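Report on the following structure.
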Amino acid sequence: MDDRPLVYLTREIPREGLDRLEDSCEVVAWEESTAPPHDLLVDRLAELEADGLFCNVADTVDAAVFDASPNLRAVGTMSVGYDHIDLRGAAERDIAVGHTPGVLSETTADLAWALLMAGARRIVEADQQVHDGEWDTWGPMVLLGRDIHDATLGVVGLGGIGTAFAKRAAGFDMDVCYTHTGRNEAAEAELAEYGVDATYCDLPDLLDRADYVSLHVPLTDETAGLISEDELRRMDKEAILINSARGEVVDTEALDRALAEGWIRHAALDVTDPEPLPPGHSLCRHAPERITVTPHIGSASTETRGEMAVMTADNILAGLADEDPPYSALE
Ligand code: DGY
């Protein structure tokens, strides 16, 4: 019998993270590609008497999970966000919780720009037309989009990902404004080194000014529903909303109406509420001219996911050794 600590994995992960865990732990993984249903996760942890849990943003790690696993000492989420984990419940039970800050900022910023550019220049629709054999001719009025260069970029949340995103505006000669929990002078100075002069403003001012509004805030009680009917109506009719943060930051029902009634030009979303979007969801019924949706792939590059897996493994190993995880999510 294996007397090493047992770590339960809720999904297949990059090899380098698995190797790190298997050096000193027994590892048991959920066999399917989709998330284990919550009740099965609870049952499996109880049955295995797991010491560690390697999870991700699609797993809800709550009191039921903790109560079912009295041996649990370490939870590692392969994500920077930890709104899916009951941190207070973990702290009360002395369970270490780690996450993966920093490593995915540049990769997520790349994806946010891909969404911005796809929305502005109608890339998904254009590609679809060519695939459908509808490329008849060069047309003076075909697939007209919006310029990106010289436009105003509004960055909501100037943390690590927001700063990496704003930095990329340099090549487009954009005016950049941002909101944050207060003025972020360190980020402003970092952006200035890239030639980006970012001005701090409040959300209504940003919504009044920006051609592109990109969300980079964590999901908290304060940011849930931050972009709702008033905010969407306040945006310019030609503005584009980009969300690579969390779906719940935007009120889905209000966004649905905004797209149906043309309050804004386009929404480019990597995250949605609910997630995943069920087939036939109202957001999927808008024309591609109005909406681009990707399935929460902000950090999905081979390099970054490999590093995230190793960081997550290291967080769990530290917790199992009764040490603070190198990237703790607990204060
Ligand atoms: C995160 O890390 O929080 C992303 O949403 C998933 O990579």
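The values are calculated or read from the model by the stated rules, or taken from the named source; none is laboratory data. Worth saying up front: this structure is predicted, and the values here are computed from it rather than measured. Here the Cβ positions follow ideal geometry from the backbone for every residue, glycine too, while neighbour counts run over all protein chains shown.
Would you please name the residue that is surrounded by the most Cβ atoms within 10 Å (Cβ to Cβ), looking only at residues in segment 42-63 that are out of contact with any Cys (no Cβ under 8 Å at 6 or more places or on another chain) and within 21 Å of Glu248 (Cβ to Cβ)? Checked segment 42-63; the qualifying residue surrounded by the most Cβ atoms within 10 Å (Cβ to Cβ) is Cys55. For segment 79-106, the set of residues classified as in a loop (DSSP other than H, G, I, E, B), among the β-branched types (Val, Ile, Thr) and more than 18 Å from the chain's Cα centre (by Cα) consists of Ile95 only. Taking segment 35-81 as the range and being without any contact (Cβ under 8 Å) to a residue 12 or more places away in the chain and either within 16 Å of the ligand (Cβ to nearest atom) or farther than 25 Å from Asp324 by Cβ (or both) as the test, the residues that pass are Pro37, Asp39, Leu40, Glu47. Residues considered: Ala118, Ala164. Of these, the only one that is buried (at least 20 other Cβ atoms within 10 Å of the Cβ), in the same structural domain as Pro218 (by TED's automatic domain parsing) and within 14 Å of the ligand (Cβ to nearest atom) is Ala164. On inspection, Val293 does not qualify as within 16 Å of His99 (Cα to Cα) and among the β-branched types (Val, Ile, Thr).
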